[in-house]
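What follows is a single structure, written as structure tokens, with notes after it.
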Amino acid sequence: MRTQRLDTSPQSIAVAAELLRHGELVAFPTETVYGLGGHALDQAAVAAIFAAKGRPTSDPLIVHLATAADLPRVAVDIPPLATELATHFWPGPLTLIVPRHPHVPRTVTAGRETVAVRVPSHPIAHALLVAAGVPVAAPSANRFGHTSPTTADHVLADLDGRIAAIIDGGPTPIGIESTVLDCTTNPPTLLRPGGISLEALTAMAGPIQTYHRTTDRSETGLVSPGLLDRHYAPDHELWLFSGPPTAVLHRLRSEAETALAAGLRIGLLLPAEDLVLFDDLPVEMESLGPVTEPETMAQRLYAALRALDARHPDRILTRDLDESGLGRAICDRLRRAAARLVIV
């Protein structure tokens, strides 16, 4: 059976909410990417999320709530810092790690006693959560490890027939996943950069440490999604070039010319200013937008990756960007998506 494609009318929202309450899976837009939602307190629905995505149970899910006032439904002993950050940044692209409420199945949290929670700001996500009246576990609505979806078509390309319905709310405005901050450590730990910058969090929370997987001695699953070394990847191999921009572009062009001479099909994923340097080469190109507009580059990242992937290149070439603000999240996604990192 094919997945039902719903519009954003109140009637469609009500249909989707009823499906969620009855344990079915519904994809929906958030301000970050499309999420694959299931009733977070229904173990069968949670298991269905992992099955639909082909996701290992060691990779936890984020629980989405309609309002910050719902946080006690899924968390206990909430740290004061989490309350302060929720007040300031929710609704929005910030996920907080807090102690798990006993009602939340451990399958949601990869066996841990903490749970990842956020309140999305997208009006369709909010309307759905209000109508459903239940906490909704929702990872990105794509095949596990594949490039995240920012349109309904991206979702259907990966999951058509595996889920009950999708609400088509158009392209997502931010385009990369939420920032994840662990509020159970002192100082708090940045687990995944995302739609809220580290600079903005530091201004509110003070010093923040960065997660290092080698120091995580837990025998359970990961503490947060987005921590796997290989993730967000296109089907065709991505080479990421890192170093001073001028040297990187020179090396990238050399690699492109060598690959073309060997008969390979090459795709380029670069800022708009860079692509003009490759106009004379027979390559497929996708622009991330102006390098001075990180919001545009973030919003276009996954859509551009999928567009290049659909042209079946033998290799996609891209480069690192400035790691301040949203650039840190973009670089994180590119590094995890890359099959090869070339240091220049």
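Based on this model, can you work out whether Glu237 counts as acidic (Asp, Glu), surrounded by fewer than 20 Cβ atoms within 10 Å (Cβ to Cβ) and touching a residue at least 40 places away in the same chain (Cβ under 8 Å)?
For Glu237, the condition - acidic (Asp, Glu), surrounded by fewer than 20 Cβ atoms within 10 Å (Cβ to Cβ) and touching a residue at least 40 places away in the same chain (Cβ under 8 Å) - is met.
Within the bounds of region 146-158, is there any residue that is under 21 Å from Pro91 (Cβ atoms) and touching an Asp or Glu at 6+ places or on another chain (Cβ under 6 Å)?
Checked against the condition, which is being under 21 Å from Pro91 (Cβ atoms) and touching an Asp or Glu at 6+ places or on another chain (Cβ under 6 Å), region 146-158 yields no hits at all.
Output the number of the condition that Gln299 fails; it satisfies all remaining conditions of (1) closer than 28 Å to Thr179 by Cβ; (2) without any contact (Cβ under 8 Å) to a residue 40 or more places away in the chain.
Answer for Gln299: the failing condition is (2).
If we scan region 211-218, do we find a residue that is assigned to a loop (DSSP other than H, G, I, E, B), buried (at least 16 other Cβ atoms within 10 Å of the Cβ), without any contact (Cβ under 8 Å) to a residue 40 or more places away in the chain and hydroxyl-bearing (Ser, Thr, Tyr)?
yes
Here is a list of conditions, (1) open to solvent by less than 20 Å² (accessible area, probe 1.4 Å); (2) touching a residue at least 60 places away in the same chain (Cβ under 8 Å); (3) closer than 17 Å to Ser178 by Cα, and Val117 meets all of them except one; can you say which number that is?
(2)
Determine whether region 124-133 contains at least one residue that is touching an Asp or Glu at 6+ places or on another chain (Cβ under 7 Å) and either open to solvent by less than 10 Å² (accessible area, probe 1.4 Å) or farther than 28 Å from Arg306 by Cβ (or both).
No, that holds for no residue.
Report the residue count in region 40-96 for those that are more than 20 Å from Ala125 (Cα to Cα), in contact with a Lys or Arg (Cβ under 9 Å, 6 or more places away or on another chain) and among the β-branched types (Val, Ile, Thr).
Selection size over region 40-96: 1.
Which of the numbered conditions does Ala262 fail, given that it passes all the others? Conditions: (1) exposed (fewer than 14 other Cβ atoms within 10 Å of the Cβ); (2) touching a residue at least 60 places away in the same chain (Cβ under 8 Å).
Every condition holds for Ala262 apart from (2).
Which ones in region 308-325 are assigned to a helix (DSSP H, G or I) and open to solvent by 30 Å² or more (accessible area, probe 1.4 Å)?
Once the filter is applied, which keeps residues that are assigned to a helix (DSSP H, G or I) and open to solvent by 30 Å² or more (accessible area, probe 1.4 Å), region 308-325 yields nothing.
Using the structure shown, decide if Gly111 is of a type outside the set (Val, Ile, Thr) and out of contact with any helix residue (DSSP H, G or I) (no Cβ under 8 Å at 6 or more places or on another chain).
yes
Is there any pair linking a residue in region 159-175 that is acidic (Asp, Glu) to one that is assigned to a loop (DSSP other than H, G, I, E, B) and surrounded by fewer than 21 Cβ atoms within 10 Å (Cβ to Cβ), with Cβ under 7 Å and at least six apart or on different chains, and which?
Asp160/Arg2; Asp160/Thr3; Asp168/Asp7
Among the numbered conditions (1) in contact (Cβ under 8 Å) with a residue 12 or more places away in the chain; (2) of a type outside the set (Gly, Ala, Ser); (3) farther than 16 Å from His88 by Cβ, tell me where Asn186 comes up short.
So Asn186 meets the others, but not (1).
Give the number of residues within region 308-326 that are under 20 Å from the mean Cα position of the chain (by Cα) and at positive phi.
Of the residues in that region, 1 qualify.
Filter the strands (runs of 3 or more DSSP E) completely within region 1-99 down to those with at least 3 residues that are open to solvent by 40 Å² or more (accessible area, probe 1.4 Å) and among the aliphatic types (A, V, I, L, M).
In region 1-99, there are no strands (runs of 3 or more DSSP E) which contain 3 or more residues that are open to solvent by 40 Å² or more (accessible area, probe 1.4 Å) and among the aliphatic types (A, V, I, L, M).
Output yes when any residue across region 213-224 is touching a strand residue (DSSP E or B) at 6+ places or on another chain (Cβ under 6 Å), of a type outside the set (A, V, I, L, M) and on the phi < 0 side of the Ramachandran plot, and no when none is.
Yes: one or more hits.
Within region 323-332, can one find any residue that is at pLDDT below 95 and more than 24 Å from Pro171 (Cα to Cα)?
Yes.
Quickly run through region 140-162 and pick out the residues that are open to solvent by 10 Å² or more (accessible area, probe 1.4 Å) and at negative phi.
Ser140, Arg143, Phe144, His146, Thr151, Asp153, His154, Leu156, Ala157, Asp158, Asp160, Arg162
In region 292-305, is there at least one residue being surrounded by fewer than 18 Cβ atoms within 10 Å (Cβ to Cβ), over 30 Å from Thr107 (Cβ atoms) and more than 21 Å from the chain's Cα centre (by Cα)?
The answer is yes; a qualifying residue exists.
Does Thr202 satisfy being modelled with pLDDT of 95 or more, open to solvent by 40 Å² or more (accessible area, probe 1.4 Å), hydroxyl-bearing (Ser, Thr, Tyr) and out of contact with any Lys or Arg (no Cβ under 7 Å at 6 or more places or on another chain)?
For Thr202, the condition - modelled with pLDDT of 95 or more, open to solvent by 40 Å² or more (accessible area, probe 1.4 Å), hydroxyl-bearing (Ser, Thr, Tyr) and out of contact with any Lys or Arg (no Cβ under 7 Å at 6 or more places or on another chain) - is met.
The values are calculated or read from the model by the stated rules, or taken from the named source; none is laboratory data. Small disclaimer: the values here were computed from a predicted structure and weren't measured. Neighbour counts run over all protein chains shown; Cβ positions are idealised from the backbone, glycine included. When the accessible area is computed, the model is the full protein with side chains, heavy atoms only, and any ligands, DNA or RNA have been set aside. Shrake-Rupley method; radii C 1.70, N 1.55, O 1.52, S 1.80 Å.
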